[in-house]
Amino acid sequence: MNLPLDFNSISLRLLADDCPLGGFSCGEKEIDEWVHRRALTRHQGYKARVKTAHDDESGDLLGLYSLTLILERERELRSSDLFKSFIQNGYIPTLHFEYLGVCQTIQNGGLGKYLTLDAIAIFADMAEHTGIPLLTLFPLTERLRAYYGERNFVSYGSNGRMMMSAETAIRLRDGG
Amino acid sequence: MQRGYPRMEDDMATHISGWTLFPRAKPKPPKAAVSPAVRDALDKVFEGRVEPSEKLREDYRRYMDIKRRKAA
């Protein structure tokens with residue numbers, strides 16, 4: 001188990017063109033491949049927005065996550081007044097927590113939690129300003145499903161995704 | 001119905017010499033059962049009454065502490 005990180009020397013920023021993505025490895029093949037091959041083009045094309053965590057001194061990439069908008073099938077959810085105004089042709093937009101990866105050498109130090117909460121804080125702000133009703137994600141393992149389940153993400157539908165409501169995120173942010 | 005003809009087995013009725021005469025609709029897969037706990041959790045989400053869990057609040061407190069420290 002690694003020691004807790006010194007977050008005073010870690011900065012978050014949006015993915016930059018010269019970010020050293022090639023050397024990143026979190027140990028999860030799907031995420032590493034996405035980081036090496038697709039993260040930059042998707043970020044530059046505004047198909048997803050990627051935020052990276054760096055060591056202030058060395059500039060090393062320590063972790064990253066991406067958010068994007070997806071259309072979820074209404075039939076995967078249940079009809080609700082919360083979403084009614086957003087549904088178009090059977091689809092509802094959600095903010096999707098697409099990928100999250102932490103460098104293997106510093107895993108279990110708290111950076112994954114920090115990045116997750118940063119994404120939830122962004123969701124709370126977006127929900128307040130736009131009304132977007134759901135944050136969704138797809139946990140890659142059952143252990144992660146349990147982890148997110150303890151943090152207000154609820155499994156829904158047949159696609160294995162989980163969701164958090166805007167109300168929960170805003171209450172969390174506002175201390176309610 | 002195949003009135004006047006001997007009744008054929010299903011497979012023969014649908015496939016003769018490689019032609020599909022009466023394609024049968026594929027049965028839909030059964031919907032996955034939703035456990036009562038998940039149903040209850042979904043109901044709460046849809047009704048907008050999900051209190052942040054203690055673990056989520058604790059994570060958020062740490063996140064905000066770090067942010068404030070860095071901003072100071």
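Scanning region A:143-157 finds no residues that are more than 11 Å from every other protein chain (Cβ to nearest Cβ) and buried (at least 18 other Cβ atoms within 10 Å of the Cβ).
Looking across region A:1-24, the residues that are without any contact (Cβ under 8 Å) to a residue 60 or more places away in the chain and either farther than 14 Å from A:Leu64 by Cα or part of a loop (DSSP other than H, G, I, E, B) (or both) come down to A:Asp6, A:Asn8, A:Ser9, A:Leu15, A:Ala16, A:Asp17, A:Asp18, A:Cys19, A:Pro20, A:Leu21, A:Gly22, A:Gly23.
Note on region A:40-60: residues that are within 16 Å of A:Phe7 (Cβ to Cβ) and more than 16 Å from the chain's Cα centre (by Cα) amount to 6. Please identify the pairs in which a residue from region A:25-43 that is touching a residue at least 12 places away in the same chain (Cβ under 8 Å) has its Cβ atom under 8 Å from the Cβ atom of a residue that is of a type outside the set (Asp, Glu) and in a helix (DSSP H, G or I), counting only partners at least 6 apart or on another chain. Sorted first by the residue in region A:25-43, then by its partner, the pairs are A:Ser25/A:Gln104; A:Cys26/A:Val35; A:Cys26/A:Gln104; A:Gly27/A:Gln104. Among the candidates A:Ala119, A:Ala124, which residue alone is over 12 Å from the mean Cα position of the chain (by Cα) and assigned to a helix (DSSP H, G or I)? Answer to the check: A:Ala124. When A:Leu3, A:Leu62, A:Leu14, A:Leu67 are checked against the criterion of being surrounded by fewer than 11 Cβ atoms within 10 Å (Cβ to Cβ), at pLDDT 95 or above and under 18 Å from A:Tyr114 (Cβ atoms), A:Leu14 stands alone in meeting it. From the list A:Arg49, A:Arg73, the one residue that fits, being basic (Lys, Arg), at pLDDT 90 or above, more than 22 Å from A:Arg143 (Cα to Cα) and surrounded by 11 or more Cβ atoms within 10 Å (Cβ to Cβ), is A:Arg49. With respect to A:Arg173, is the statement that it is over 21 Å from A:Gln88 (Cα atoms) and either assigned to a loop (DSSP other than H, G, I, E, B) or out of contact with any helix residue (DSSP H, G or I) (no Cβ under 8 Å at 6 or more places or on another chain) (or both) true? No; evaluated as a whole, the condition is false for this residue. Evaluated against (1) touching a residue at least 24 places away in the same chain (Cβ under 8 Å); (2) within 15 Å of B:Lys44 (Cβ to Cβ); (3) not aliphatic (A, V, I, L, M), A:Thr136 falls short on exactly one condition, (2).
If you go through region A:45-76 and keep only what is out of contact with any strand residue (DSSP E or B) (no Cβ under 8 Å at 6 or more places or on another chain) and either of a type in the set (Ser, Thr, Tyr) or touching a residue at least 12 places away in the same chain (Cβ under 8 Å) (or both), you end up with A:Tyr46, A:Glu57, A:Ser58, A:Gly59, A:Arg75, A:Glu76.
The values are calculated or read from the model by the stated rules, or taken from the named source; none is laboratory data. For clarity, every value in this text was computed on a predicted model and none was experimentally measured. Quick reminder, even Gly has a Cβ in these numbers, built from the backbone with ideal geometry, and neighbours come from all protein chains shown.
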